[in-house]
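Enquirer: The following block contains the structure, expressed as structure tokens.
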Amino acid sequence: MMSFLVSFGCLMLVGLLVAHAVGYYLTRLLEVEPGHIREVMPTIPVAPLYEGDEQRRWKEEVREVEKELVERFSGGVSGVTAAGLAGEMNRDERVVSGALERMREEVDCRLRITRSGQILHDFGADAIERLQRERTRLIPTQLLMLGMAATANIGAVWPILAVLFLALASLGLMATYEQGTAFGLFGLGSIAIILVGTIALSLLWRVLSSPFIGLKSEPTLGPMTQSEPAPQRRLSGSTNQFWAFFDFGGGGGWGGGSGGDGADVDGDDLGEALIALVLIAIVVLCLITLFVWLRGLWRAVVHRDEHLDRISPAFWVRAADRADMFEKWMPTNDLVGRLYRAIERTYAHRRPVDADLGPRTLARAKRRGGVVSALEIAMEEGLDLSEAMEVGAELCRIVEGEVVVGEGGEVGFAFSDEVLRQIDETAGLRDPDVHAPMKHDASDDRYPDPERMDHLWSEYLDLFEPGFDHIARRPSQPFDTLPINLVGVGWGHLQAAQRLVAGTWLMAGMGTYLLLWGAPETFSAYLYGSDFMLVELFGAFPYVTALLLVAMALGTSCLATSARYIARQRAIHGVRRDARRAAFDAIHGALQKGQTSVDLSGLTEAVLESFQPAWSDCPRELVEREIKAALADLEVGFDLEAPPNKATDVRDLDPLLERWTNAVRGDAFETVLGRTVERRASFDDEEVVFDTEVEHDHAMALF
């Protein structure tokens, strides 16, 4: 027995190291160079919301079109558009647009946006060759993830295996032992071993599976304390087709005979009582386990979390989604499917998808009289100007808007009254008595600025009040932990995954002991002595089964540990995105006040101080690089006229202030759709109004 415990303990240790190695490897694919977090800022969806078979067909078509485009572009290509390619390939324009989006997410691309809203793509031959090479290189990783999912799905049946083993063993003892006491003690002992062993191993795995590779320090993850209200931007009666792109389900938590005469009891009576007790316990346990497992299997098959493809990390964090009660305490295939789909969504796109980005932009346009500028989109969402232009152009394509040019050459996007009438422009409002920051005066009866709720759509920081002097964590979140922003996975799901891992290793240990250490010769002899054909094959059954049990436990361990690594990496991305948003917020506040310069010397410290309780050793350079990159994206340089002082960081806002003034003036644009339509015909629709280069460090997408 001792030799088995030592051997199996070493096997678990090897499995733990393998799980950490897999988690670290998958996390490496998500790494973003310091100062480049702009590459993973949320973006607008380019496909309508599909569910079930339609969603699967959509993904397959996008992959097919992407493969065909890569072959077409092998020598490089210039000036191609989704509409033009769709006509040549006889494909749906939305599918081609989705494929082009995936390609420009992964390799360097030159984008040119015309006045008509068309996006012209230039891909160099080197970029296409690199994409082909990366896709080939990542095939083993795809197989690895599929293998993890397959073995973890097998591991999810461990409660059924445990109860089946318990029932069969108990029935065997009932027929073998004359004394019922031995049978009863065995049954109760087995139940205790399963329960206590699962709890103990889950606690042990929680400690051992904590990510330790890749960073000297890591943020402390934890649950949300309360949810925040989701803005309902669609007015009642709105039926425009574009809502198919931006609506998504709100499911997932946005808001869970004794008696007698006093005579002595002899041994036979005790044995009979234990038999009855154990039989009742086994029957009840079988029924509960079967119900929970079948329920989880059904939930896994119907994919109840399909709408999560549209939700951004900020939306997910605010939803405070909690794990299903049954799933938390007895994890099944539903949990395995949820973890796998969350990881698949992570690697399907470089940028997280935000279905609320389009309606937020339209709400701003409605408040601006029908036009919103690219600079406004960038300032309000923390995007660089290239991505803001891409968002505006895609939105124009979806709702048939128009690209317009204002004074000073600022590019804007105009939308018709028909579209804007369906948008609730006050959807971003929040009641200061309930949802304002704790430092906010709840007795203040003035209604908040409708743009502040939507401003920068941060994940962890509260940017309700302008200026970095007021930066703090969101009041709905615990200050000493970071809620998980890996869409589809909450703190409860990670805890449930630990119990799943513990259960699979417990079953692997018990099964391996009985098959290989307990009585393998007797078992094989029984099989050889039967009249069943191919008994030689069944003679290897104990070894094959033991190997399958170990693979089941190893795959489950890799999936659960990888989810923790990826959740950690996504939380770090959230911190870096919020640091970037804080820089944009500081500049935005100064522009609103009409300042021509601003001192940002305390911005880095303010961000670090906000995250310090949850991430005590947050690298200063990590935050500082993102802030500097944000300033570079806005072309905000040092104020050369400011007195030299090492303690200050004075930035010149004069050029940006002039651009901002022009950008927020709706009447400064040449045309507003639906008001001066007669002028539109005089424009050259193919005139390029924006030209940029999109560059990436490395490929991320696996699916």
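The values are calculated or read from the model by the stated rules, or taken from the named source; none is laboratory data. As the structure is a prediction and not an experimental result, all values here were calculated from the model. Cβ coordinates were reconstructed from backbone atoms using ideal geometry, including for glycine residues, and neighbour counts include every protein chain displayed. Only protein heavy atoms, including side chains, enter the accessible area calculation; ligands, DNA and RNA are left aside. Shrake-Rupley method; radii C 1.70, N 1.55, O 1.52, S 1.80 Å.
Enquirer: Report yes if some residue within segment 36-58 is open to solvent by 70 Å² or more (accessible area, probe 1.4 Å), in a helix (DSSP H, G or I) and at pLDDT 85 or above; otherwise report no. Lay out the reasoning, then the answer.
Expert: Here is the first cut: in segment 36-58, the residues open to solvent by 70 Å² or more (accessible area, probe 1.4 Å) are 51, 53-54, 56-57.
Keeping just the survivors that are in a helix (DSSP H, G or I) gives 53-54, 56-57.
Next, only the ones that are at pLDDT 85 or above stay: none.
Checked against the condition, which is being open to solvent by 70 Å² or more (accessible area, probe 1.4 Å), in a helix (DSSP H, G or I) and at pLDDT 85 or above, segment 36-58 yields no hits at all.
Enquirer: Examine segment 86-101 for a residue that is assigned to a helix (DSSP H, G or I), in contact with a His (Cβ under 9 Å, 6 or more places away or on another chain) and open to solvent by less than 10 Å² (accessible area, probe 1.4 Å), and state whether such a residue exists.
Expert: For segment 86-101, residues assigned to a helix (DSSP H, G or I), in contact with a His (Cβ under 9 Å, 6 or more places away or on another chain) and open to solvent by less than 10 Å² (accessible area, probe 1.4 Å): present.
Enquirer: Does segment 120-132 contain at least one residue that is under 30 Å from THR332 (Cα atoms), open to solvent by 30 Å² or more (accessible area, probe 1.4 Å) and in a helix (DSSP H, G or I)? Working first, answer last.
Expert: Residues of segment 120-132 that are under 30 Å from THR332 (Cα atoms), as a first pass: none.
Looking through segment 120-132, none of the residues is under 30 Å from THR332 (Cα atoms), open to solvent by 30 Å² or more (accessible area, probe 1.4 Å) and in a helix (DSSP H, G or I).
Enquirer: Would you check if there is a residue in segment 10-18 being closer than 29 Å to ARG581 by Cβ and more than 20 Å from the chain's Cα centre (by Cα)?
Expert: no
Enquirer: Still on this structure, please answer the following. From the list GLU400, GLU425, exactly one residue is modelled with pLDDT under 80 and either on the phi > 0 side of the Ramachandran plot or of a type in the set (D, E, K, R) (or both). Which is it?
Expert: GLU425
Enquirer: Assess whether LEU26 counts as being under 30 Å from ASP126 (Cβ atoms), in a loop (DSSP other than H, G, I, E, B), of a type outside the set (Asp, Glu) and open to solvent by less than 20 Å² (accessible area, probe 1.4 Å).
Expert: Considered against the rule, which asks whether it is under 30 Å from ASP126 (Cβ atoms), in a loop (DSSP other than H, G, I, E, B), of a type outside the set (Asp, Glu) and open to solvent by less than 20 Å² (accessible area, probe 1.4 Å), LEU26 comes out as no.
Enquirer: Looking at segment 373-395, I want the residues that are more than 17 Å from ARG115 (Cα to Cα) and have a partner that is open to solvent by 10 Å² or more (accessible area, probe 1.4 Å) with Cβ atoms under 6 Å, at least 6 apart or on another chain. Which pairs are those?
Expert: Hits for this filter: ALA378/LEU385; ASP384/ARG38; ASP384/ASP633.
Enquirer: Is segment 61-72 home to any residue that is open to solvent by less than 40 Å² (accessible area, probe 1.4 Å), in a loop (DSSP other than H, G, I, E, B) and of a type outside the set (A, V, I, L, M)?
Expert: No - not one qualifying residue is present in segment 61-72.
Enquirer: Hey, another quick one. Can you name the residue in segment 341-353 that is under 11 Å from the mean Cα position of the chain (by Cα) and of a type outside the set (A, V, I, L, M, F, W, C) and is also nearest to GLU459 (Cα to Cα) among such residues? Don't jump to the end; show me each part of the working.
Expert: Narrowing segment 341-353 to residues under 11 Å from the mean Cα position of the chain (by Cα): 341-349, 351-353.
Applying the additional criterion that residues be of a type outside the set (A, V, I, L, M, F, W, C) yields 341, 344-347, 349, 351-352.
On the way: ARG341: 21, GLU344: 21, ARG345: 18, THR346: 17, TYR347: 20, HIS349: 19, ARG351: 15, PRO352: 13 Å.
It comes out as PRO352.
Enquirer: For VAL544, state whether it is modelled with pLDDT under 80, open to solvent by less than 40 Å² (accessible area, probe 1.4 Å) and more than 35 Å from the chain's Cα centre (by Cα).
Expert: Numbers: modelled with pLDDT under 80: yes; open to solvent by less than 40 Å² (accessible area, probe 1.4 Å): no; more than 35 Å from the chain's Cα centre (by Cα): yes.
Criteria not met by VAL544.
Enquirer: Only one of VAL32, VAL18 is modelled with pLDDT of 85 or more and open to solvent by 20 Å² or more (accessible area, probe 1.4 Å); which?
Expert: Exactly one residue qualifies, and that residue is VAL18.
Enquirer: Kindly indicate the residue of segment 618-642 that is open to solvent by less than 100 Å² (accessible area, probe 1.4 Å) and outside any helix (DSSP H, G or I) and also nearest to ARG473 (Cα to Cα) among those meeting that condition.
Expert: Per the criteria, the residue is CYS618.
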